[in-house]
1. Are there any pairs, at least 6 apart or on different chains, whose C-beta atoms fall under 7 Å, with the first in region 160-174 and assigned to a helix (DSSP H, G or I) and the second open to solvent by less than 10 Å² (accessible area, probe 1.4 Å) and hydrophobic (A, V, I, L, M, F, W, C), and if so, which?
2. Does Ala13 satisfy the criteria of being in contact (Cβ under 8 Å) with a residue 40 or more places away in the chain and open to solvent by 20 Å² or more (accessible area, probe 1.4 Å)?
3. Report whether or not Leu104 is of a type in the set (A, V, I, L, M, F, W, C) and in contact with a Cys (Cβ under 9 Å, 6 or more places away or on another chain).
4. Tell me yes or no: at least one residue of region 16-26 is over 19 Å from Gly89 (Cβ atoms) and either outside any helix (DSSP H, G or I) or of a type in the set (A, V, I, L, M) (or both).
5. Consider Phe53 carefully, then state whether it is under 27 Å from Phe240 (Cβ atoms), in contact (Cβ under 8 Å) with a residue 40 or more places away in the chain and open to solvent by 40 Å² or more (accessible area, probe 1.4 Å).
6. Report yes if some residue within region 28-41 is farther than 27 Å from Ala145 by Cβ, open to solvent by 20 Å² or more (accessible area, probe 1.4 Å), without any contact (Cβ under 8 Å) to a residue 24 or more places away in the chain and of a type outside the set (S, T, N, Q); otherwise report no.
Amino acid sequence: MNWSLILNFLAIAIGVLLLAGDFSAMNIATVDIARDFNVKGAYLQWVINAYMFAFFVAIVIAGRLADIFGRKKMYLIGLTWFALSSLWGSLTNDIVQLITARALQGVGAAFLWPSIIGLSFTSVPKEKKSFAMGLLLGAAAFGQAIGPLVGGVLTQLLSWRAILWINVPFCLFAGVIALFFLYPTQNNTSSKKLDFVGMILLALGLLLFITAMERSVHWNFFSWQVLGVLISSLAVLAVFIFLEHKVTSALV
């Protein structure tokens, strides 16, 4: 039995469960959060959406950073970032700080996901790569499915804050395994330059696009506000694509 490979996958699987399960678990806690902070409406929506927004905006940038600095290193950074932001969210008594902590959790999850995919494929022989992807997607699906159950149990027995602070020991456990047993990977890029302009344009374009989609539920998709934000998003992304053909260290 290859214990080194098993520990590799254990560290990776914990990361997948954390980033997939945490999103769905927090949906269960909104009623308790509303009562504790005496808020409702948009604030509660942003407790959920901030995580998703930050994740999708940061994921491409995080993937490029993993290519440059190494996936194991970015995985460890992602775990640390996720743990600290989870701890902050579990301790705060201010709704704005909770939303900020959730957004930072999303950034941490964005650091984790590209590194997890790369590490999964480099940890196994070529003939077992499809098996590795199956395990990866299975862990993600399991995390999404079990998240509401875990969130409900923790909220009922302890507090909604337990959904966040329980991430800390799991991140610590996965981090120790990853530090000593996770296979390091070589950078697969010849250039270590960062395309800062591309990062800003991509983040802005994706943020505007996701905002337009989210606001369309409230403003009507064909309202001038949604169409204005959507057109602005497409314009920024068009500039991003144009400039990516001009730089030597393209983000994508």
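1. Ile163/Ala25; Ile163/Met26; Ile163/Ala29; Asn167/Phe82; Cys171/Leu79; Cys171/Phe82; Ala174/Ala11; Ala174/Leu79
2. Working: in contact (Cβ under 8 Å) with a residue 40 or more places away in the chain: yes; open to solvent by 20 Å² or more (accessible area, probe 1.4 Å): yes.
Yes.
3. Spelling it out, it is not the case that Leu104 is of a type in the set (A, V, I, L, M, F, W, C) and in contact with a Cys (Cβ under 9 Å, 6 or more places away or on another chain).
4. Taking region 16-26 as the starting set, the residues that turn out to be over 19 Å from Gly89 (Cβ atoms) are 16.
Adding the requirement that they be either outside any helix (DSSP H, G or I) or of a type in the set (A, V, I, L, M) (or both) leaves 16.
Yes, that holds for at least one residue.
5. Numbers: under 27 Å from Phe240 (Cβ atoms): yes; in contact (Cβ under 8 Å) with a residue 40 or more places away in the chain: yes; open to solvent by 40 Å² or more (accessible area, probe 1.4 Å): no.
For Phe53, the condition - under 27 Å from Phe240 (Cβ atoms), in contact (Cβ under 8 Å) with a residue 40 or more places away in the chain and open to solvent by 40 Å² or more (accessible area, probe 1.4 Å) - is not met.
6. So in region 28-41, the residues farther than 27 Å from Ala145 by Cβ come out as 37-41.
So of that shortlist, the ones also open to solvent by 20 Å² or more (accessible area, probe 1.4 Å) come out as 37-41.
Pick out the ones that are also without any contact (Cβ under 8 Å) to a residue 24 or more places away in the chain and you get 38, 40-41.
Next cut, of a type outside the set (S, T, N, Q) only: 40-41.
Among the residues of region 28-41, at least one is farther than 27 Å from Ala145 by Cβ, open to solvent by 20 Å² or more (accessible area, probe 1.4 Å), without any contact (Cβ under 8 Å) to a residue 24 or more places away in the chain and of a type outside the set (S, T, N, Q), which makes the answer yes.
The values are calculated or read from the model by the stated rules, or taken from the named source; none is laboratory data. Keep in mind that this is a model prediction, so the values were computed, not measured. Ideal geometry is used to build each Cβ from the backbone, glycine not excepted, and the neighbour counts take in all protein chains shown. Heavy atoms of the whole protein, side chains included, go into the accessibility calculation; ligands, DNA and RNA do not. Shrake-Rupley method; radii C 1.70, N 1.55, O 1.52, S 1.80 Å.
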